[in-house]
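S.K.: Here it is: the structure, laid out below.
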Amino acid sequence: MSDYLPEEVVLEILHRLPVKSLIQFRCVSKSWNSIITSSVFINSHLTRSLSLPSNSNNLIVRHCVDRPYVEHYKLIDDNSDSFDQIQSIEFPLTSRRIDHFVLIGSANGLFSLHEHERFILWNPSIRKFITLPKPCITVKTHGKVTCRLAFGFDPRTNDYKVVRIAFPKRTDMSEEAKPPLIEIYSLNEGSWRITSAPFPPGIGFSDWCRPAASLNGAVHFAVYDKYKPSCQLVLSFHLGDEVFRLISLPNGAFWWSDVHTLVIGGSLSLICYDTHKNTVNKCCSIWVMKEYGVVDSWTKQFTINLNGGKIIRVLGLQGNGNILVEAKEPFGWELSSYDPKSEQVKNLGICGRPYYFCVDNYMENLVLLNRPNDTVSERRVSTKRKCRLTSDEEERELQKTRHLLQEVIQEEERECQFLQKIVQYHEAIIHQQETMLMTLQEAMTCDERVCQRQEAFLCKQVTILQQQMEKMVTLISKMEKMVFIIQELRGQAEVETILQQQMEKMTFLKSQLERMDTIKSKVLFLIQQFRGQAGDMFSGAGDQSLTQVQQRSSSAGQEM
């Protein structure tokens, strides 16, 4: 047929076809295969898809299950309240080092995942994945680092990018922290490179464990000012200009909240979980930036009743106005729909591990179609070496490995116990400070300097907490590597027991990390309380007293 039609007409027809048909039509002829798999056609097809109004009401849902550890992806029809499943999409990989791949993020139909220094891009619409080359920043080249990751799309160049913000680990806590290194992988370039983009000084991440929001050619993180811990901000990194920018939030709206970023209805949004001691696990709010980059356009759109902790996470918005949430059920966790009007929660029948759910708009594209096929890698065992080893040699090798494992596990056990004591210590501090605050409120006669000292003390605790949280993230990373080593030895009953113990410790550490995050939020709330208490008790001194308190708090933070 193409012999009788001009090439531009053929291209226009092909651009309008769904991805499934295009994949099939590669077999029509060599010329069609050449057209469909060319970079020019793939880019123009993507540009056309992005320029059209979203006529797809389909969502893609990621959920993970245990034993066996499998990732599931489902295509869902969001046209009706029934949330009908259109099809199940098989994920072609199984993590070799941890239970499931960690989701970095999703953007315009592509998913980015990783396990340690192994990074994956996956396109579910064409059922294809690629493994990225090893990053430039590794343990061998730069020592131990703690990384904040993000994945986004640059519309100027139709390029997908992975961002690594690598914080060097301090061997001595007294030494000054080094600025992080910024590393970017570009799909168009096919390689990693370290950029010279300066990271804003004094900024810490509030949302280490959650995907960054990708919108308008930038990735967005929830952060805070280390010198003013109650000052919540949004940090954006523009993928084209490679520049960091800070976006302010409404004054006083988020200082008691655990905040993370999300894209809802095409707008930058914030999910704010209330961590006030009397309202924790009770409610959260969704704020939307109606006009991107305009601070005054932040609007509180929803308040969600968390049912005392039954709802643990907000995931997105349905077409009917309901909110997709992750809810705890008697026998596990389930994707659910929350009606903001009636405050009713409806289970949608999709179960999985907590904090591993992801919901995104489904967008078909041909990205990765022209890339070399990746094969699902399996554990490689040298048969020659296997044949050469006698049973005695195998036993000696196994004994040596067991001995090394026991040494590492004992060291991890000590670190786990130490971190558990740290968590208990900070919980005791919070209780003590809350009691002191109540006494101050009742007496109303205390010296202003008492409030100032308590505020400075709490500012220091926030910094210590952040350092301990970074240590815990590093320890979890170490344990995940150890799990990978143990899995290579599976088959022995003793090894299976060690593996189970390691998995339980890792789960415990992740729960402790969540507790630390909650404690940090409570400490931030207490700082505000002490500031407010000082202002109330000595209001006769006017705004000058409160300003002095804030200045001394800032200087206390700088001393840390």
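The values are calculated or read from the model by the stated rules, or taken from the named source; none is laboratory data. All of these numbers come straight from a predicted model, not from anything done at the bench. All Cβ positions, even for glycine, are placed from backbone atoms using ideal geometry, and neighbour counts span all protein chains on display. We work out accessible area using only protein heavy atoms, side chains counted, and drop any ligands, DNA or RNA first. Shrake-Rupley method; radii C 1.70, N 1.55, O 1.52, S 1.80 Å.
S.K.: Tell me yes or no: at least one residue of region 138-161 is polar (S, T, N, Q), in contact (Cβ under 8 Å) with a residue 24 or more places away in the chain and touching a strand residue (DSSP E or B) at 6+ places or on another chain (Cβ under 8 Å).
M.R.: Looking through region 138-161, at least one residue is polar (S, T, N, Q), in contact (Cβ under 8 Å) with a residue 24 or more places away in the chain and touching a strand residue (DSSP E or B) at 6+ places or on another chain (Cβ under 8 Å).
S.K.: Residues of region 125-143 being of a type outside the set (Val, Ile, Thr) and more than 20 Å from the chain's Cα centre (by Cα), which ones?
M.R.: Selection gives 125, 127, 128, 129, 133, 134, 136, 140, 142, 143.
S.K.: What do you reckon, is residue 98 closer than 14 Å to residue 356 by Cβ, in a loop (DSSP other than H, G, I, E, B) and among the aliphatic types (A, V, I, L, M)?
M.R.: In short, yes.
S.K.: If you go through region 220-238, how many residues are closer than 16 Å to residue 455 by Cα and touching a residue at least 24 places away in the same chain (Cβ under 8 Å)?
M.R.: Our first condition is that a residue be closer than 16 Å to residue 455 by Cα; within region 220-238, this holds for 225-231.
Cutting the leftovers down to touching a residue at least 24 places away in the same chain (Cβ under 8 Å) gives us 226-231.
Residues in region 220-238 being closer than 16 Å to residue 455 by Cα and touching a residue at least 24 places away in the same chain (Cβ under 8 Å): 6 in total.
Yes or no, residue by residue, for (1) within 19 Å of the chain's Cα centre (by Cα); (2) open to solvent by less than 20 Å² (accessible area, probe 1.4 Å); (3) at pLDDT below 90; (4) of a type outside the set (S, T, N, Q):
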position	(1), (2), (3), (4)
1	no, no, yes, yes
22	no, yes, no, yes
31	no, no, yes, no
65	yes, no, yes, yes
88	no, no, no, no
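S.K.: Identify, from the list 414, 385, 371, the residue that is open to solvent by 50 Å² or more (accessible area, probe 1.4 Å), among the basic types (Lys, Arg), assigned to a helix (DSSP H, G or I) and modelled with pLDDT of 60 or more.
M.R.: After applying the criteria, what remains is 414.
S.K.: Next question. Just to confirm my filter: which strands (runs of 3 or more DSSP E) fall fully inside region 106-225 and include at least 2 residues that are surrounded by fewer than 16 Cβ atoms within 10 Å (Cβ to Cβ)?
M.R.: 191-195
S.K.: Inspect region 77-86 for any residue being touching a residue at least 40 places away in the same chain (Cβ under 8 Å), in a strand (DSSP E or B) and more than 27 Å from residue 473 (Cβ to Cβ) and give the result as yes or no.
M.R.: No, that holds for no residue.
S.K.: Got a sec? Which strands (runs of 3 or more DSSP E) wholly within region 259-348 have at least 3 residues that are of a type in the set (A, V, I, L, M) and either under 28 Å from residue 218 (Cα atoms) or open to solvent by less than 40 Å² (accessible area, probe 1.4 Å) (or both)?
M.R.: The qualifying strands (runs of 3 or more DSSP E) are 267-274, 283-289, 311-317, 323-329.
S.K.: Of all residues in region 239-249, count the ones that are surrounded by 17 or more Cβ atoms within 10 Å (Cβ to Cβ) and without any contact (Cβ under 8 Å) to a residue 60 or more places away in the chain. It would help to see each step written out before you state the result.
M.R.: Going residue by residue through region 239-249, those that are surrounded by 17 or more Cβ atoms within 10 Å (Cβ to Cβ) are 239, 244, 247, 249.
Add one more test, that the residue is without any contact (Cβ under 8 Å) to a residue 60 or more places away in the chain, and what stays is 244, 247, 249.
Selection size over region 239-249: 3.
S.K.: If you don't mind, another one. Among the residues of region 226-246, how many are outside any strand (DSSP E or B) and at negative phi?
M.R.: Number of matching residues: 5.
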